[in-house]
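Nothing in this text is a laboratory measurement; each read-out follows from the coordinates by a stated rule. Being a predicted model, the structure only gives us computed values, none of them experimental. Here the Cβ positions follow ideal geometry from the backbone for every residue, glycine too, while neighbour counts run over all protein chains shown.
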Amino acid sequence: MFPTSRGRQLSRDALERRVTKHARAATQACPTLTGKKISPHVLRHSTAMRLLNAGVDTTVIALWLGHESVATTQIYVHADLALKERALARTAPIEATPGRYQPTDTIMAFLDNL
């Protein structure tokens, strides 16, 4: 995906250096990036999460990421709380009150004492 000037594959170290260089430059224009970890892995994970949130099927994401198994891509599904909440919202009975469950003080006290 990232060829060298000679047309060969860019090494992981070289890619890491380029990402670091451009992240440092981006920090000048966008100070909120200061202190944030920006690496090829973070960019890869962020892209996968954005694709998942956009409704792209996990099999397509797995192919795009080069995963050998779709099961590997399931970590992104498990990492996305909003996706889980949307799935649960679709299974709620029609007569149920929408929103998150709020336990009573009695239940919270019981759990605190465990």
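For segment 39-88, relative contact order (Cα pairs under 8 Å, six or more residues apart, normalised by length) works out to 29 percent. Only Lys, Arg, Asp and Glu count, each charged at its Cβ (+1, +1, -1, -1), so figure out the dipole size of the chain about its Cα centre, rounded to 20 debye. Approximately 940 debye in magnitude. With a simple spin-label model that places each label point 7 Å from the Cα along the Cα-to-Cβ direction, the separation between residue 25 and residue 38 comes to 1.0 nm. As an exercise, identify the GluC sites (Glu not before Pro) in segment 24-104 lying in DSSP coil whose Cβ has no more than 14 other Cβ atoms within 10 Å. Hits after loop and neighbour filter: 68, 95. Extents of the chain, largest first, come to 67, 34, 29 Å (Cα atoms, principal axes, whole angstrom).
A Förster distance of 25 Å, applied to the separation of the beta-carbon atoms of residue 13 and residue 83, puts the FRET efficiency at 0.15. Note on the chain: dipole from Cβ charges, positive end direction compared against 25, 79, 109; the farthest Cα belongs to 25.
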